[in-house]
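Below is one structure, written out as structure tokens, with a few remarks after it.
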Amino acid sequence: MRPARVRIDLARLRANFQIICSDKPATLDFACVVKDNAYGHGAVAVARIALEFGARYLAVATTDEGLELRQNDIVAPVLVFGERTPAELEECVRHELTCFVNDVRTAKQLARLAEEQAKRVPVHVEVDTGLSRYGVRWTKALEVLEIIHAIPALQLQGLMSHFAMSDEQDKTFALEQLRRFQEVLAGLGESGIRVTLSHMCNSGGYLDLPQGHFNMVRMGILPLGVYPSQVCRRISGLQPVMSVTCEVAALQEIEAGDYVGYGMRYQAGERRRIAVLPLGYGDGFPRVRNAGSVLIRGKRAPVVGGNAMDAMMVDVTDIPETEVGDNVVVMGKDGEEEIDVHELARLKGSVSYDILAGWRSRLPRVYLNENSRS
Ligand SMILES: *Cc1c(COP(=O)(O)O)cnc(C)c1O
């Protein structure tokens, strides 16, 4: 009902996968990362389309996110990033969510749970090559890998690492991380241990570090049509899948000296026409004061005053045709003009990922072109 929404264009998602898959070497597998509700796009919808395009794995960050896929009848392999509690491990075994085991204790716990359910479960091991987040330190990885490999209830299926910085011009540290990962892989080879899937690249790595592709890459943001950074855009033609729109809810004619918004941050120097939009920082728009703009009738209307949780005001004096009910583009394109996710990220002092995933659930998701064919 709400005249404010997140629009997800599934034809664009398919077109992006098409472009990526024709760029990608045919033998290179990909995992589609659908954590955090596929960065706000809807995990199930994105996962289904990723599978149409041959995703080898889906990847999430929490057990609940994995269970959501299973509850929606997605039977494809699902990888759960990070560490799991013992209670989570049990659920993962039950629902065939593939876990990371990065230490011997977790490996033994998981093996016992697998045996209880009469299963042999695939596992991946994360090697920390310099992010200092999850994983076994590259210098200590081999001994842990050998132990895990010898546990009958576990099938050592994957070796993984994650870049600290893959989408900037300077690839020095990424290449050092890559060297550390290759060292572990070489050690495994010498021990006669084979893993089916070695994977290190996220979207940035996919685009810029082909020497780090191994046999699988993990892509989250790229199929969504957003480049990882301004300097990391090797393939062209990807289009954002998500846009955010609302409608003008009210108009105010204000006089010289009048204030707009909380905190009295804007005072009109002359007569102005103000459009009130039914969307605020409680929907995920950055908290701003006299900064940012939206598109109305293909033109930029600047935000005036401080925006509220549920509303914001924009100056439409220079767009005199504006009427209540007009379509407003908060993120996306309107004619020649565009408010892109990077612009909103600068406004928020954050990154594009945070803006995409930050649109709140109270904004309804509207899916467009659901049945477009791939
Ligand atoms: C989020 C995440 C990704 C996906 O990153 P993109 O830059 O969105 O492609 C890949 N791997 C891991 C471990 C992640 O946490």
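The values are calculated or read from the model by the stated rules, or taken from the named source; none is laboratory data. Model, not experiment: these values are computed from the prediction. Note that each Cβ is placed from the backbone with ideal geometry, even for glycine, and that neighbours are counted across all protein chains shown.
Among the residues of region 241-262, at least one is within 16 Å of the ligand (Cβ to nearest atom) and either within 28 Å of residue 9 (Cα to Cα) or of a type in the set (A, V, I, L, M, F, W, C) (or both).
Within region 13-41, the set of residues being in a loop (DSSP other than H, G, I, E, B), over 19 Å from the mean Cα position of the chain (by Cα) and farther than 11 Å from residue 53 by Cβ comprises 25, 26, 27, 28. Scanning region 234-255 for residues that are surrounded by 15 or more Cβ atoms within 10 Å (Cβ to Cβ) and farther than 30 Å from residue 325 by Cβ returns 235, 238. Take the conditions (1) surrounded by 20 or more Cβ atoms within 10 Å (Cβ to Cβ); (2) within 15 Å of residue 217 (Cα to Cα); (3) of a type in the set (Val, Ile, Thr); (4) more than 14 Å from the ligand (Cβ to nearest atom); residue 8 misses just one of them, which is (2).
When region 189-208 is limited to residues that are within 27 Å of residue 22 (Cβ to Cβ) and in a loop (DSSP other than H, G, I, E, B), the one that is nearest to the chain's Cα centre (by Cα) turns out to be 202. Pairs are defined by a Cβ separation below 8 Å, a sequence spacing of at least 6 or placement on different chains, a first member in region 163-188 that is buried (at least 18 other Cβ atoms within 10 Å of the Cβ), and a second member that is of a type in the set (Asp, Glu) and at pLDDT 95 or above; the pairs so defined are 166/208; 167/208; 171/208. Just one residue in the set 234, 218 is part of a strand (DSSP E or B), within 28 Å of residue 177 (Cα to Cα) and either within 16 Å of the ligand (Cβ to nearest atom) or touching a helix residue (DSSP H, G or I) at 6+ places or on another chain (Cβ under 8 Å) (or both); that residue is 218.
Table: residues versus (1) farther than 30 Å from residue 273 by Cβ; (2) surrounded by fewer than 15 Cβ atoms within 10 Å (Cβ to Cβ); (3) out of contact with any Asp or Glu (no Cβ under 8 Å at 6 or more places or on another chain).
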residue: 316; (1), (2), (3): no, no, yes
residue: 326; (1), (2), (3): no, no, no
residue: 334; (1), (2), (3): no, no, yes
residue: 350; (1), (2), (3): yes, yes, yes
residue: 357; (1), (2), (3): yes, no, no
residue: 360; (1), (2), (3): no, yes, no
residue: 364; (1), (2), (3): no, yes, yes
residue: 370; (1), (2), (3): yes, yes, yes
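Here is a yes/no grid of residues against (1) in contact with a Cys (Cβ under 9 Å, 6 or more places away or on another chain); (2) in contact (Cβ under 8 Å) with a residue 24 or more places away in the chain:
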residue: 76; (1), (2): no, yes
residue: 79; (1), (2): yes, yes
residue: 87; (1), (2): no, no
residue: 92; (1), (2): yes, yes
residue: 95; (1), (2): no, yes
residue: 100; (1), (2): no, yes
residue: 105; (1), (2): no, no
residue: 115; (1), (2): no, yes
residue: 123; (1), (2): yes, yes
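Selection of region 336-346 for residues being touching a Phe, Trp or Tyr at 6+ places or on another chain (Cβ under 9 Å) and farther than 18 Å from residue 239 by Cα yields an empty set.
Residues that are closer than 16 Å to residue 23 by Cβ and at pLDDT below 95 do occur in region 221-231, at least one of them.
Checking the structure you have, find out if any residue of region 339-360 is in a loop (DSSP other than H, G, I, E, B) and of a type in the set (A, V, I, L, M). Scanning region 339-360 turns up at least one residue that is in a loop (DSSP other than H, G, I, E, B) and of a type in the set (A, V, I, L, M). If I go through region 287-326 residue by residue, how many of them are farther than 21 Å from residue 225 by Cβ and part of a strand (DSSP E or B)? The qualifying residues number 14. The selection criterion, being within 16 Å of the ligand (Cβ to nearest atom) and among the acidic types (Asp, Glu), does not hold for residue 170. Taking the condition closer than 14 Å to residue 281 by Cα, of a type outside the set (Ser, Thr, Tyr) and more than 16 Å from the ligand (Cβ to nearest atom), does residue 366 pass? Judged against the criteria, residue 366 is not a match. Listed by position, the strands (runs of 3 or more DSSP E) enclosed by region 71-188 that each have at least 1 residues that are of a type outside the set (D, E, K, R) and over 26 Å from the mean Cα position of the chain (by Cα) are 121-128, 154-160.
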